[in-house]
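The values are calculated or read from the model by the stated rules, or taken from the named source; none is laboratory data. Everything quoted here is computed from the prediction, not taken from an experiment. Every residue, glycine as well, gets a Cβ built from its backbone with ideal geometry; the counts of neighbours run over all protein chains shown. Ligands, DNA and RNA are stripped out before the accessible areas are found, and what is left, the full protein with its side chains, is counted by its heavy atoms. Shrake-Rupley method; radii C 1.70, N 1.55, O 1.52, S 1.80 Å.
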Amino acid sequence: MYKRLIIGLLLVLLWVGATNVYAHLTGAFAEYLASVHDESTTNKLKQEVDSIEAEIGELIPRMNTKEKEYKLKQTVAVDKLLFYNEQGLDMWASMLQQSSDVVDLLGNQWLMERNLNAYLHELEQLHTDYSQLVLTKDTLSRYRELLDTIGRNLALRQPYLDSVKDYSLEEKSNFLDIDWDSEVEDKLVAALDKDKQLVIGGWREWVAPRSRMSVPNDAAYEMNEEWLNERSSLHYYFRSDHIYTVFEQPGANVILIGQVLNNDQNHAELQFESGFYNGFLMPAVLLEELKGFRLPYEELKMLQGATKASYLQQSSGKLLLLSTP
(Lines give C-alpha, C1' and ligand atoms only; values in the text may rest on other atoms or scores of the structure.)
Protein backbone atom coordinates (compact mmCIF):
# COMPACT_ATOMS: atom_id res chain seq x y z
CA MET A 1 0.00 0.00 0.00
CA TYR A 2 2.81 2.37 0.87
CA LYS A 3 4.55 1.91 -2.51
CA ARG A 4 1.30 3.13 -4.08
CA LEU A 5 1.25 6.06 -1.72
CA ILE A 6 4.84 6.99 -2.56
CA ILE A 7 4.05 6.96 -6.29
CA GLY A 8 0.96 9.04 -5.62
CA LEU A 9 3.02 11.52 -3.63
CA LEU A 10 5.51 11.88 -6.51
CA LEU A 11 2.67 12.51 -8.95
CA VAL A 12 1.26 15.17 -6.67
CA LEU A 13 4.67 16.78 -6.38
CA LEU A 14 5.01 16.92 -10.15
CA TRP A 15 1.53 18.37 -10.52
CA VAL A 16 1.45 21.21 -8.02
CA GLY A 17 5.06 21.77 -6.98
CA ALA A 18 7.00 20.39 -4.08
CA THR A 19 7.04 23.54 -1.93
CA ASN A 20 3.27 23.98 -1.72
CA VAL A 21 2.53 20.32 -1.00
CA TYR A 22 5.14 20.14 1.70
CA ALA A 23 3.78 23.27 3.33
CA HIS A 24 0.23 21.88 3.27
CA LEU A 25 1.06 18.48 4.69
CA THR A 26 3.35 19.57 7.48
CA GLY A 27 0.96 22.41 8.31
CA ALA A 28 -2.18 20.33 8.60
CA PHE A 29 -0.41 17.46 10.28
CA ALA A 30 2.15 19.35 12.30
CA GLU A 31 1.18 17.43 15.44
CA TYR A 32 1.86 14.17 13.64
CA LEU A 33 5.50 15.21 13.26
CA ALA A 34 5.86 15.09 17.02
CA SER A 35 3.60 12.10 17.57
CA VAL A 36 5.07 9.68 15.04
CA HIS A 37 7.79 8.60 17.48
CA ASP A 38 6.35 10.01 20.71
CA GLU A 39 4.72 7.14 22.59
CA SER A 40 3.22 9.57 25.12
CA THR A 41 0.66 10.66 22.50
CA THR A 42 -1.11 7.33 22.97
CA ASN A 43 -1.38 7.85 26.72
CA LYS A 44 -5.02 8.93 26.57
CA LEU A 45 -6.05 5.69 24.91
CA LYS A 46 -3.89 3.67 27.28
CA GLN A 47 -5.40 5.50 30.25
CA GLU A 48 -8.85 4.64 28.92
CA VAL A 49 -7.78 0.99 28.73
CA ASP A 50 -6.62 1.12 32.36
CA SER A 51 -9.83 2.85 33.44
CA ILE A 52 -12.08 0.33 31.68
CA GLU A 53 -10.06 -2.62 32.98
CA ALA A 54 -10.40 -1.21 36.51
CA GLU A 55 -14.17 -0.93 36.09
CA ILE A 56 -14.31 -4.49 34.77
CA GLY A 57 -12.28 -5.61 37.79
CA GLU A 58 -14.86 -4.02 40.08
CA LEU A 59 -17.88 -5.29 38.15
CA ILE A 60 -16.87 -8.95 37.92
CA PRO A 61 -16.95 -9.75 41.69
CA ARG A 62 -20.17 -7.74 42.05
CA MET A 63 -21.70 -9.66 39.17
CA ASN A 64 -20.59 -12.99 40.63
CA THR A 65 -22.14 -12.07 43.99
CA LYS A 66 -25.40 -11.01 42.32
CA GLU A 67 -25.45 -14.23 40.31
CA LYS A 68 -25.02 -16.41 43.39
CA GLU A 69 -27.73 -14.49 45.26
CA TYR A 70 -30.07 -14.72 42.28
CA LYS A 71 -29.57 -18.47 41.84
CA LEU A 72 -30.26 -19.05 45.55
CA LYS A 73 -33.45 -16.97 45.46
CA GLN A 74 -34.43 -18.62 42.19
CA THR A 75 -34.23 -22.08 43.78
CA VAL A 76 -36.42 -20.97 46.70
CA ALA A 77 -38.89 -19.32 44.33
CA VAL A 78 -39.19 -22.44 42.17
CA ASP A 79 -39.85 -24.59 45.25
CA LYS A 80 -42.56 -22.19 46.44
CA LEU A 81 -44.10 -21.99 43.00
CA LEU A 82 -44.30 -25.77 42.75
CA PHE A 83 -45.81 -25.92 46.25
CA TYR A 84 -48.52 -23.36 45.46
CA ASN A 85 -49.20 -25.02 42.14
CA GLU A 86 -49.62 -28.47 43.68
CA GLN A 87 -51.05 -27.66 47.11
CA GLY A 88 -52.64 -24.21 46.83
CA LEU A 89 -56.10 -25.34 45.62
CA ASP A 90 -56.21 -28.23 48.12
CA MET A 91 -55.31 -25.85 50.95
CA TRP A 92 -58.12 -23.48 49.95
CA ALA A 93 -60.65 -26.32 49.79
CA SER A 94 -59.49 -27.61 53.19
CA MET A 95 -59.88 -24.12 54.69
CA LEU A 96 -63.46 -23.93 53.43
CA GLN A 97 -64.30 -27.33 54.93
CA GLN A 98 -62.66 -26.67 58.31
CA SER A 99 -63.98 -23.13 58.88
CA SER A 100 -66.81 -23.24 61.40
CA ASP A 101 -67.93 -19.66 60.87
CA VAL A 102 -67.45 -16.65 58.64
CA VAL A 103 -64.85 -15.08 60.95
CA ASP A 104 -62.60 -18.15 60.71
CA LEU A 105 -63.04 -18.26 56.94
CA LEU A 106 -62.16 -14.58 56.51
CA GLY A 107 -59.19 -14.93 58.86
CA ASN A 108 -57.81 -17.92 56.98
CA GLN A 109 -58.40 -16.14 53.68
CA TRP A 110 -56.51 -13.07 54.96
CA LEU A 111 -53.56 -15.23 56.02
CA MET A 112 -53.41 -16.97 52.67
CA GLU A 113 -53.63 -13.68 50.74
CA ARG A 114 -50.91 -12.23 52.94
CA ASN A 115 -48.62 -15.18 52.15
CA LEU A 116 -49.39 -14.91 48.45
CA ASN A 117 -48.70 -11.16 48.42
CA ALA A 118 -45.40 -11.71 50.21
CA TYR A 119 -44.50 -14.36 47.66
CA LEU A 120 -45.42 -12.09 44.74
CA HIS A 121 -43.20 -9.40 46.26
CA GLU A 122 -40.35 -11.93 46.39
CA LEU A 123 -40.90 -12.76 42.71
CA GLU A 124 -40.85 -9.07 41.81
CA GLN A 125 -37.59 -8.60 43.72
CA LEU A 126 -36.20 -11.68 42.00
CA HIS A 127 -37.02 -10.14 38.61
CA THR A 128 -35.30 -6.90 39.67
CA ASP A 129 -32.21 -8.84 40.74
CA TYR A 130 -32.21 -10.66 37.42
CA SER A 131 -32.57 -7.40 35.47
CA GLN A 132 -29.63 -5.88 37.32
CA LEU A 133 -27.58 -9.01 36.65
CA VAL A 134 -28.34 -8.80 32.93
CA LEU A 135 -27.49 -5.09 32.93
CA THR A 136 -24.13 -5.75 34.61
CA LYS A 137 -23.29 -8.53 32.14
CA ASP A 138 -24.22 -6.30 29.19
CA THR A 139 -22.04 -3.51 30.57
CA LEU A 140 -19.09 -5.89 30.91
CA SER A 141 -19.61 -7.11 27.36
CA ARG A 142 -19.61 -3.56 25.98
CA TYR A 143 -16.51 -2.63 27.99
CA ARG A 144 -14.61 -5.64 26.66
CA GLU A 145 -15.71 -4.85 23.11
CA LEU A 146 -14.45 -1.29 23.50
CA LEU A 147 -11.15 -2.58 24.88
CA ASP A 148 -10.76 -4.79 21.81
CA THR A 149 -11.45 -1.80 19.55
CA ILE A 150 -8.84 0.33 21.32
CA GLY A 151 -6.41 -2.58 21.07
CA ARG A 152 -6.93 -2.83 17.30
CA ASN A 153 -6.34 0.91 16.95
CA LEU A 154 -3.08 0.84 18.89
CA ALA A 155 -1.92 -2.34 17.11
CA LEU A 156 -1.83 -0.53 13.75
CA ARG A 157 0.72 2.03 14.90
CA GLN A 158 3.89 -0.06 14.91
CA PRO A 159 3.32 -1.84 11.55
CA TYR A 160 3.03 1.58 9.93
CA LEU A 161 6.26 2.78 11.55
CA ASP A 162 8.02 -0.42 10.47
CA SER A 163 6.87 0.04 6.87
CA VAL A 164 8.29 3.59 6.64
CA LYS A 165 11.36 3.18 8.85
CA ASP A 166 13.75 4.14 6.04
CA TYR A 167 12.10 7.53 5.48
CA SER A 168 12.55 10.84 7.23
CA LEU A 169 10.21 12.03 9.95
CA GLU A 170 8.56 14.52 7.59
CA GLU A 171 8.01 11.84 4.95
CA LYS A 172 6.48 9.46 7.48
CA SER A 173 4.01 12.15 8.48
CA ASN A 174 3.27 12.98 4.86
CA PHE A 175 2.47 9.38 4.03
CA LEU A 176 0.16 9.23 7.02
CA ASP A 177 -1.52 12.39 5.76
CA ILE A 178 -2.03 10.87 2.31
CA ASP A 179 -3.48 7.70 3.84
CA TRP A 180 -5.98 9.80 5.77
CA ASP A 181 -6.95 12.03 2.83
CA SER A 182 -7.28 9.24 0.29
CA GLU A 183 -8.75 6.38 2.28
CA VAL A 184 -10.47 7.64 5.44
CA GLU A 185 -11.53 11.27 5.61
CA ASP A 186 -14.34 11.37 3.02
CA LYS A 187 -15.87 8.08 4.22
CA LEU A 188 -15.79 9.15 7.86
CA VAL A 189 -17.30 12.58 7.16
CA ALA A 190 -20.03 10.95 5.04
CA ALA A 191 -20.84 8.44 7.79
CA LEU A 192 -21.07 11.19 10.42
CA ASP A 193 -23.30 13.27 8.14
CA LYS A 194 -25.56 10.27 7.58
CA ASP A 195 -25.94 9.77 11.33
CA LYS A 196 -26.71 13.47 11.82
CA GLN A 197 -29.55 13.19 9.33
CA LEU A 198 -30.69 9.94 10.93
CA VAL A 199 -30.98 11.52 14.37
CA ILE A 200 -32.51 14.77 13.09
CA GLY A 201 -35.24 12.84 11.31
CA GLY A 202 -35.71 9.97 13.75
CA TRP A 203 -34.96 11.21 17.25
CA ARG A 204 -38.60 10.72 18.30
CA GLU A 205 -38.26 7.06 17.43
CA TRP A 206 -34.96 6.87 19.30
CA VAL A 207 -36.25 8.44 22.52
CA ALA A 208 -38.04 5.88 24.70
CA PRO A 209 -39.56 5.97 28.21
CA ARG A 210 -37.07 5.06 30.91
CA SER A 211 -36.75 1.34 31.57
CA ARG A 212 -36.85 -0.13 35.08
CA MET A 213 -33.12 -0.75 34.95
CA SER A 214 -32.19 2.86 34.21
CA VAL A 215 -30.17 4.75 36.78
CA PRO A 216 -30.81 7.32 38.18
CA ASN A 217 -34.50 6.87 38.90
CA ASP A 218 -35.42 10.45 37.98
CA ALA A 219 -34.67 9.76 34.30
CA ALA A 220 -37.81 10.33 32.22
CA TYR A 221 -36.48 9.06 28.88
CA GLU A 222 -33.50 7.24 27.47
CA MET A 223 -31.74 6.86 24.12
CA ASN A 224 -30.06 3.47 23.82
CA GLU A 225 -26.83 3.12 21.85
CA GLU A 226 -28.19 -0.05 20.22
CA TRP A 227 -30.76 1.94 18.24
CA LEU A 228 -28.00 4.06 16.73
CA ASN A 229 -25.60 1.18 16.12
CA GLU A 230 -28.23 -0.85 14.29
CA ARG A 231 -28.66 1.97 11.76
CA SER A 232 -25.14 3.36 11.45
CA SER A 233 -21.99 2.27 9.61
CA LEU A 234 -20.08 3.63 12.62
CA HIS A 235 -20.14 2.09 16.07
CA TYR A 236 -20.88 4.05 19.23
CA TYR A 237 -19.96 3.20 22.81
CA PHE A 238 -21.80 5.31 25.39
CA ARG A 239 -20.13 5.70 28.77
CA SER A 240 -20.73 8.08 31.65
CA ASP A 241 -17.50 9.98 30.95
CA HIS A 242 -17.26 9.90 27.15
CA ILE A 243 -18.86 8.64 23.97
CA TYR A 244 -16.58 6.71 21.64
CA THR A 245 -17.31 6.82 17.90
CA VAL A 246 -15.48 4.16 15.92
CA PHE A 247 -14.81 3.95 12.19
CA GLU A 248 -13.19 0.75 10.92
CA GLN A 249 -12.20 -0.64 7.56
CA PRO A 250 -9.29 -2.90 6.50
CA GLY A 251 -6.08 -1.13 7.51
CA ALA A 252 -7.82 1.83 9.16
CA ASN A 253 -9.18 2.34 12.66
CA VAL A 254 -10.40 5.72 13.91
CA ILE A 255 -11.62 6.35 17.45
CA LEU A 256 -13.22 9.71 18.16
CA ILE A 257 -13.71 10.60 21.83
CA GLY A 258 -16.29 13.20 22.80
CA GLN A 259 -19.27 14.26 24.87
CA VAL A 260 -22.84 15.39 24.22
CA LEU A 261 -22.83 19.13 24.97
CA ASN A 262 -25.01 22.15 24.23
CA ASN A 263 -24.02 24.07 21.12
CA ASP A 264 -24.79 27.65 20.08
CA GLN A 265 -28.02 26.59 18.36
CA ASN A 266 -29.42 25.15 21.62
CA HIS A 267 -28.99 21.61 20.38
CA ALA A 268 -27.31 18.80 22.29
CA GLU A 269 -24.43 17.86 20.00
CA LEU A 270 -21.82 15.11 20.12
CA GLN A 271 -18.60 17.14 20.12
CA PHE A 272 -15.23 15.43 19.69
CA GLU A 273 -12.36 16.49 21.92
CA SER A 274 -9.73 14.02 20.72
CA GLY A 275 -9.23 11.28 18.17
CA PHE A 276 -6.83 8.52 17.19
CA TYR A 277 -6.10 7.19 13.71
CA ASN A 278 -4.23 3.86 13.67
CA GLY A 279 -2.65 4.61 17.03
CA PHE A 280 -1.67 8.20 16.18
CA LEU A 281 -3.10 11.26 17.88
CA MET A 282 -5.20 13.25 15.41
CA PRO A 283 -4.41 16.98 15.09
CA ALA A 284 -7.05 19.48 16.17
CA VAL A 285 -7.50 20.75 12.61
CA LEU A 286 -9.04 17.40 11.64
CA LEU A 287 -11.43 17.31 14.58
CA GLU A 288 -12.83 20.71 13.60
CA GLU A 289 -14.50 19.26 10.51
CA LEU A 290 -15.83 16.13 12.22
CA LYS A 291 -19.28 16.83 13.65
CA GLY A 292 -21.37 14.34 15.60
CA PHE A 293 -25.13 13.89 15.78
CA ARG A 294 -27.42 16.55 17.28
CA LEU A 295 -30.58 16.37 19.40
CA PRO A 296 -33.12 19.23 19.62
CA TYR A 297 -32.76 20.17 23.27
CA GLU A 298 -35.85 22.38 23.51
CA GLU A 299 -38.09 19.77 21.90
CA LEU A 300 -36.78 17.09 24.26
CA LYS A 301 -37.79 19.26 27.20
CA MET A 302 -41.34 19.42 25.85
CA LEU A 303 -41.86 15.65 26.04
CA GLN A 304 -44.46 14.46 28.52
CA GLY A 305 -42.88 13.98 31.91
CA ALA A 306 -39.93 16.25 31.12
CA THR A 307 -39.51 19.82 32.37
CA LYS A 308 -37.77 22.99 31.21
CA ALA A 309 -35.00 22.13 33.65
CA SER A 310 -34.50 18.63 32.23
CA TYR A 311 -31.02 17.80 31.00
CA LEU A 312 -29.16 15.00 29.23
CA GLN A 313 -26.72 12.75 31.02
CA GLN A 314 -24.42 10.14 29.52
CA SER A 315 -24.66 6.69 31.03
CA SER A 316 -23.45 3.18 30.29
CA GLY A 317 -25.01 2.21 26.97
CA LYS A 318 -27.42 5.14 26.74
CA LEU A 319 -28.25 8.82 27.05
CA LEU A 320 -30.68 9.72 29.81
CA LEU A 321 -33.06 12.67 29.90
CA LEU A 322 -33.27 13.57 33.58
CA SER A 323 -36.36 15.39 34.80
CA THR A 324 -35.86 17.98 37.51
CA PRO A 325 -38.46 20.29 39.09
Check: the range 178-325 dipole with +1 on Lys, Arg Cβ and -1 on Asp, Glu Cβ, in debye | 760 debye
Would you list which lysines come within 16 Å of Lys165, measuring only between C-alpha atoms, while excluding same-chain residues fewer than 8 positions from it?
-> Lys3
At 7 Å along the Cα-to-beta-carbon direction for both Met302 and Glu67, put a label point, then send me their distance in nm to one decimal.
-> 4.8 nm
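Quick check for me: using +1 on Lys/Arg Cβ and -1 on Asp/Glu Cβ, what's the dipole size of the range 151-249 about its Cα centre, in debye to the nearest 20?
560 debye
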Probe 1.4 Å, accessible area per residue of the range 215-325, Å² = 41 Å²
Sequence neighbours fewer than 8 away in the same chain don't count; with that in mind, list the lysines whose C-alpha is under 26 Å from Lys68.
-> Lys80, Lys137
Enumerate by residue number the GluC sites (Glu not before Pro) in the range 215-304 meeting two conditions: DSSP loop (anything except H, G, I, E, B), and at most 11 other Cβ atoms within 10 Å of the site's Cβ.
-> Glu288, Glu289
